[in-house]
Amino acid sequence: MVNMKNNLFRSLAAIFLFFALAAPAYAGTSFRFGGWTLSLPAISVPTTYDLYKTFMSLMSSGVQMKAMPYALIQKLDPYYANNLNIVRYGHASRLSNTAITDCTKIYFSSKDMTDAIAKNTPLTASSMRWLLHELAHTEQCYKVGGREAYAKMWFKDLGTALVTPPFSSNDMKEIHDKMPMEKDAEAKAVQVRTQLGI
Ligand SMILES: [Zn+2]
């Protein structure tokens, strides 16, 4: 039974991978087998960037975005290559216990977090690390050349994480933490916190 389920899972995964990766490349082309010609219909498969944009617009719909307080920008700006004046943040009620950075926009699930940033009250060590981590993603987006390139890097990293051991769990957080850009952002957050002496 377990094997049957595994085989079924593998077959479905293979079909999914074919349509996600291979089918778009072959769509609209013809193959010749002896005297036969097989023409594959021209199909429209959303690109990963289309999926990214759809997800972001659903997730962020109605979220009020703000610039960080000037004093906070001044404090953190020297540590980042990008311009923190154009970064916007907001409380996204559709998120739970997470944050998502979409290039220059940071969405936090925690209203306490966004309230503390807005009032520029001293952040706890863990909140500051969280903010520095998300700001590191805005820097990554700047360095990679903008939103579309950033989205493609995200999907590439997701692929890397999916084939990186251990495969002990399908927990989203575990996969997330294995993504190279996540490791970079976390290292950056620790480095900035050390430089700030907090
Ligand atoms: Zn991250």
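The values are calculated or read from the model by the stated rules, or taken from the named source; none is laboratory data. None of the values given here were measured: they were computed from a predicted structure. For neighbour counting, all protein chains shown are included, and Cβ atoms are generated from backbone atoms with ideal geometry for every residue, glycine included.
Some notes on this structure:
- Members of the stretch 157-190 that are assigned to a helix (DSSP H, G or I) and more than 15 Å from the ligand (Cβ to nearest atom): Gly159, Leu162
- Only listed residue being in contact (Cβ under 8 Å) with a residue 12 or more places away in the chain and within 13 Å of the chain's Cα centre (by Cα), chosen from Ala189, Ala161: Ala161
- Taken across the stretch 147-169, residues that are at pLDDT 95 or above, surrounded by 12 or more Cβ atoms within 10 Å (Cβ to Cβ) and hydroxyl-bearing (Ser, Thr, Tyr) do occur, with at least one present.
- Among the residues of the stretch 128-146, those identified as within 16 Å of the ligand (Cβ to nearest atom), under 14 Å from Thr101 (Cα atoms) and not hydrophobic (A, V, I, L, M, F, W, C) are His133, Glu134, His137, Thr138, Glu139, Gln140, Tyr142.
- Test result for Ala149, in a helix (DSSP H, G or I), assigned by TED's automatic domain parsing to the domain that holds Ser96, more than 15 Å from the ligand (Cβ to nearest atom) and out of contact with any helix residue (DSSP H, G or I) (no Cβ under 6 Å at 6 or more places or on another chain): yes
- The set of residues in the stretch 42-92 being of a type in the set (S, T, N, Q), touching a helix residue (DSSP H, G or I) at 6+ places or on another chain (Cβ under 7 Å) and under 19 Å from Tyr142 (Cβ atoms) consists of Asn82, Asn85.
- Looking across the stretch 44-82 at every residue that is in contact (Cβ under 8 Å) with a residue 40 or more places away in the chain and outside any helix (DSSP H, G or I), the one that is nearest to Gln191 (Cα to Cα) is identified as Tyr80.
- Selection over the stretch 99-127 of residues that are more than 19 Å from the chain's Cα centre (by Cα) and either under 14 Å from Tyr80 (Cβ atoms) or within 15 Å of the ligand (Cβ to nearest atom) (or both) gives a count of 3.
- The number of residues in the stretch 25-65 being under 28 Å from Ala116 (Cα atoms) and surrounded by fewer than 13 Cβ atoms within 10 Å (Cβ to Cβ) comes to 5.
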